[in-house]
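Each value in this text was obtained by applying a stated rule to the coordinates, not by laboratory testing. If you're wondering where the values come from, they're calculated on a predicted model, not measured in any experiment. When we count neighbours, we look across all protein chains shown, and the Cβ atoms used for this are built from the backbone with ideal geometry, even at glycine.
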Amino acid sequence: MTKIIILTDPHICDEGQTIIGLNPSLQFEKALNHINKYHSNANRLVITGDLTNSGTLSQYNIIRNILKSNRIPTTLMLGNHDNRDNFRKVFWDYPTDPHGFIQAKESISTKKLIFLDTLLGPPHLAEEHFGEICEERYNWLEKQLQTLSKDKIILFMHHPPFNVGFPGMDKIKLKDSDQFMNFIKRFPNLLHVVCGHIHRTISGNVQGKSFSIFKSTCHQMPMQQSSIKSSLSVAEPPAYGMLLINDTDIITHSVDFDFSNLEIKGSNPDQTVYQFQHN
């Protein structure tokens, strides 16, 4: 089977900065080390956005340096914490579409992969966190889908175009999501949608389209579905996603890779308590 590894939301910070006591660069390096150790046969690694925490040149330089140790062909995508202009300055050799958006298509085995840029702008608006598909991107996506009308397609995008059950995150999903869902329903050969943004492993089917969302390599969204805040975070074990693909099937796995923030207490295996250590 074809294997695609998915990392999302590493939120690389400047040197010395942490997020809820976690070092995003260290967490990202742990993920890459785990992947290269256990899944070096993967056909592709996809990082589905929020590469950085605030889109600075220094943060993109950090993640570019970390990626030098990676041995798997990699696709980079942008999320709401990224800055497209700064990304292009550091990843100057990374391909874009004719309008400068970070999006592309690729063939892997019997499937076609489409990587869609949902970052708001231009211009860059750091204070806004919902996603956007402008006219140029709709036109680009429609052209790809029409060209690949006889192929089986997996679509990758940072912002989910549907609600996921966290009110705070649902407020900053893809803008005009109903319009987008109606658009992709025109293409029955689009089999699966992979998103980032939520910092939680979620899967399901929305309006006939199956989807997968995976945990961040750093901090996670807690299971507090009554909160309207989008900034809640917890240091649960991080994970990455895996798609196993053949001619007829798409199988998804979530792989936990780091338990170093856990202290296991209790002698009764049925009553084990996990306590996070934030230093």
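Quick look at the values:
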{"read-out": "Surface/4 of the Cα convex hull for the range 2-276, nm²", "value": "15.0"}
{"read-out": "Residues in the range 96-130 that a label on residue 147 would reach, taking backbone N under 20 Å of a point 7 Å out along Cα→Cβ", "value": "96-118"}
{"read-out": "Helix-only mean residue ellipticity at 222 nm for the chain, each DSSP H run of n ≥ 4 adding -39500 (n - 2.57), per residue, nearest 500", "value": "-6000 deg cm²/dmol"}
{"read-out": "Extension gain from residue 37 to residue 65, taking 0.36 nm per residue of separation minus the Cα-Cα distance", "value": "8.2 nm"}
{"read-out": "Extended-chain gain in nm, criterion 0.36 nm per residue less alpha-carbon gap, residue 136 and residue 19", "value": "38.6 nm"}
{"read-out": "Reachable lysines from residue 89, criterion Cα separation under 19 angstrom, eight or more residues apart if same chain", "value": "68"}
{"read-out": "Given 14 as the ceiling on other Cβ atoms within 10 Å, longest exposed-site-free region of the chain for trypsin sites (Lys or Arg not before Pro) in DSSP loops", "value": "72-149"}
